[in-house]
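Read-outs throughout are calculated quantities, based only on the coordinates presented, and are distinct from any laboratory measurement. Just so we're clear, the structure is a prediction, and the values are computed from it rather than from any experiment. Backbone-built Cβ (ideal geometry, glycine too); neighbour counts: all protein chains shown.
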Amino acid sequence: MAAPSVAHGPPADLHPWHPHTWLLAFTLAGLLGILLGAALTLFAPRGEFATYRYHLWRWEAQTLVPTLAHITGLGPSTAQATNEYAVLQYFALTSRIRAETAREQPDLQLIATLENERATYENDVERFISSGIASVVAAANLQRPLPLFSDIRITWPPIAFELTSPPRLLVRSPRDRIERLGDTLLQPGLTLAEIERIEARADSPNTVSLVVSLGGLAAYPAIVRDDRSYAAILETAAHEWVHHYLAFYPLGQQWGKGGDAEALNETVASIAGREIARLVMLRHPLQFPPGEDGSGPAPNRNPAIDFDAEMRSLRLAVDDLLAQGRIAQAEQLMEEKRRYLAENGIAIRKINQAYFAFYGTYADSPQSSNPIGPLFETLWQRTGDIGEFLRIARDITSRQELEAALASLEPAP
């Protein structure tokens with residue numbers, strides 16, 4: 001039998017692969033990050049709470065390369081960031097998920113189904129919010145000229161965040177004063193039993209601890225909690241971008257140097273993040289149907305209770321007791337206030353020195369007694385413009401410099 005004939009077409013036109021230099025650089029950086037992080041995890045001393053630790057290098061390794069590729073236009077093209085329908089769907093599903101989760105016996109299968117459906121819209125929501133923040137940044141003249149091309153201005157750093165579950169944070173404070181001694185990032189999704197075991201191990205006769213939930217984390221891309229309302233997510237994304245922005249100026253470069261560095265940074269990010277979010281909502285208004293903006297069910301709380309006033313008075317009383325060395329009385333007062341708030345529909349699992357050490361870092365919050373908060377609020381009132389506020393605040397590295405900046409803005413007599 002004759003062999004069947006085989007048709008031979010023209011030889012394939014093969015071209016050498018010429019990947020973009022930036023793409024190779026980003027990919028190499030990501031691979032090196034993965035290898036370095038893996039080596040540190042495998043060979044470095046495991047230390048305390050190793051089982052529960054959150055390794056930020058893994059987040060960067062998984063997300064940094066695709067984020068940079070998208071920013072530089074090397075990744076796949078995406079639709080315009082104007083899909084309001086996707087935003088409305090995402091937050092309507094979030095409200096349904098939160099309502100189901102709040103039930104006495106939530107349907108876990110339904111929650112999983114709703115979360116899978118919500119994931120369909122996640123990228124559109126991220127692009128929509130990023131576009132809104134970028135438009136406010138540009139209008140505030142906060143963009144920077146491109147090196148060698150001074151007539152081209154860009155938002156720097158580029159706005160980048162991911163909607164996901166942030167890590168938790170273990171906060172420690174001395175018992176005799178309110179001060180953050182050192183924090184440890186922990187895995188998200190810890191059970192209450194695991195949290196209580198971690199806190200019990202971290203506590204000592206002289207130290208108390210608290211595991212807190214984070215709304216966001218200024219990694220790059222930033223980590224933003226995905227189960228909040230539209231307003232809360234928008235504000236958090238703006239807050240974390242402000243941290244990215246400040247990292248290129250004296251204020252951000254003070255982070256980690258002790259003293260008031262963290263309070264200065266967090267307070268500026270809080271004030272600026274709120275204003276940027278407000279401006280985004282003015283420039284890009286959305287009409288959410290009632291109960292579908294991502295909020296959870298309305299809490300059954302006593303409307304006569306002023307939470308801010310309660311926490312402010314408690315913080316001042318605790319500061320006074322600790323200054324007198326009356327540690328046991330301060331701790332008793334905090335527990336009494338926690339129970340009082342719970343009886344009125346405001347459930348807080350634990351209020352201790354570590355609670356105030358964490359939330360007090362945001363000096364514009366009621367849990368803080370740091371005078372930096374009112375000073376920055378005054379700076380905001382005197383500028384009234386987000387661009388001017390950040391251009392002044394980004395160069396402030398101490399309370400003394402903040403006071404000097406305020407004095408320079410005082411009206412002439």
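Residues in the range 271-279 carry Karplus couplings, in order, of 5, 5, x, 4, 5, 4, 4, 4, 5 Hz; the curve used is 6.51 cos²θ - 1.76 cosθ + 1.60 with θ = phi - 60°, and Gly or Pro positions show x. Its residue count N fixes a reference of 2.2 N^0.38 Å for the range 326-394, and the Cα radius of gyration divided by that reference is 1.50. Backbone phi angles across the range 354-363, fed through the Karplus curve with coefficients 6.51, -1.76 and 1.60 (θ = phi - 60°), yield HN-Hα couplings of 5, 4, 6, 4, 6, 6, x, 4, 7, 5 Hz in residue order; Gly and Pro are listed as x. Scanning residues 5 or more positions from Asn370 or on other chains, none has an amide H under 5 Å from its amide H, with H placed 1.01 Å from N in the peptide plane.
In the P(r) worked out for the range 163-253, what percent of Cα pairs fall beyond 24 Å?
Within the range 163-253, distances greater than 24 Å cover 34 percent of Cα pairs.
The Rg/Rh ratio of the range 279-413, with Rg taken over Cα atoms and Rh as the Kirkwood radius over Cα pairs, comes to 1.07.
Here the average projected area of the convex hull drawn through the C-alpha atoms of the range 102-253 stands at 12.7 nm². Dimensions of the range 249-291 from C-alpha coordinates, computed as largest minus smallest value along each principal axis and given longest first, are 46, 22, 11 Å. The residues neighbouring Ala140, those whose beta-carbon lies less than 11 Å from its own, together hold a net charge of -2 under the Lys/Arg +1, Asp/Glu -1 convention.
What the Cα convex hull of the range 96-188 gives, in volume per residue, is 217 Å³. Shape annotation for the range 192-308: C-alpha extents along the principal axes are 52, 43, 30 Å, from largest to smallest.
Dipole magnitude for the range 227-282: computed about the Cα centre from +1 point charges on Lys and Arg Cβ and -1 point charges on Asp and Glu Cβ, it is near 100 debye. The HN-Hα couplings worked out from phi for the range 165-170 by the Karplus form 6.51 cos²θ - 1.76 cosθ + 1.60 (θ = phi - 60°) are 9, x, x, 8, 10, 8 Hz, whole numbers, x standing for Gly and Pro. Sorting the Cα pairs of the range 269-326 by distance into bins of 10 Å, from 0 upward, gives 16, 21, 35, 18, 8, 1 percent per bin.
The trypsin sites (Lys or Arg not before Pro) of the range 240-348 that meet both conditions, a loop assignment by DSSP and at most 12 other Cβ atoms within 10 Å of the site Cβ, are Lys257.
Think of each Lys and Arg Cβ as +1 and each Asp and Glu Cβ as -1; about the Cα centre, that makes the dipole of the range 152-258 roughly 280 debye. Computing Rg and the Kirkwood Rh from the Cα coordinates of the range 211-265 gives a ratio, Rg/Rh, of 1.01.
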